[in-house]
């Protein structure tokens with residue numbers, strides 16, 4: 001069995017907005033859409049499991065932002081595939097101001 005690779009992100013996003021953006025970030029719908037354990041299968045030996053932390057908030061002055069921890073577990077992916085995936089994932093979930 002392939003060794004799992006774990007990646008974590010902390011995002012200023014609600015669960016609802018995360019799930020709404022996920023199909024575009026993945027390039028497809030996930031195999032399961034339960035925020036507690038989102039599963040994406042890419043063949044018999046490849047899977048990505050995404051787990052969301054309980055939704056929280058962060059206070060910055062008078063501004064309140066949603067906060068969600070995202071844990072990604074890759075099994076069967078090469079380091080290059082993980083890097084490519086994370087570049088796309090980060091681009092879709094990047095929040096910025098200007």
Apart from one, (1) under 12 Å from the mean Cα position of the chain (by Cα); (2) within 17 Å of residue 5 (Cα to Cα); (3) surrounded by 15 or more Cβ atoms within 10 Å (Cβ to Cβ) all hold for residue 18; the odd one out is (2)
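Which members of the stretch 1-39 meet the condition of being in a strand (DSSP E or B) and touching a helix residue (DSSP H, G or I) at 6+ places or on another chain (Cβ under 9 Å)? Give the steps one after another, and end with the answer.
Narrowing the stretch 1-39 to residues in a strand (DSSP E or B): 4-11, 34, 37-39.
Within the stretch 1-39, 5, 7, 9, 11, 38 meet the criteria.
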Considering the stretch 2-20 alone, what residues qualify as being touching a residue at least 24 places away in the same chain (Cβ under 8 Å) and within 16 Å of residue 69 (Cβ to Cβ)? 6, 7, 8, 9, 10, 11, 12, 13, 14, 15, 17, 18
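Given the criteria surrounded by 12 or more Cβ atoms within 10 Å (Cβ to Cβ), closer than 15 Å to residue 91 by Cα and either modelled with pLDDT of 95 or more or over 11 Å from the mean Cα position of the chain (by Cα) (or both), does residue 4 qualify?
No: the conditions fail for residue 4.
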Any idea how many residues of the stretch 40-98 are part of a loop (DSSP other than H, G, I, E, B) and either surrounded by fewer than 10 Cβ atoms within 10 Å (Cβ to Cβ) or in contact (Cβ under 8 Å) with a residue 40 or more places away in the chain (or both)? 13
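The values are calculated or read from the model by the stated rules, or taken from the named source; none is laboratory data. From a predicted model like this one, the values you see are computed outputs, not experimental measurements. Because the Cβ atoms are built from the backbone with ideal geometry, glycine has one as well, and the counts that use them run over all protein chains shown.
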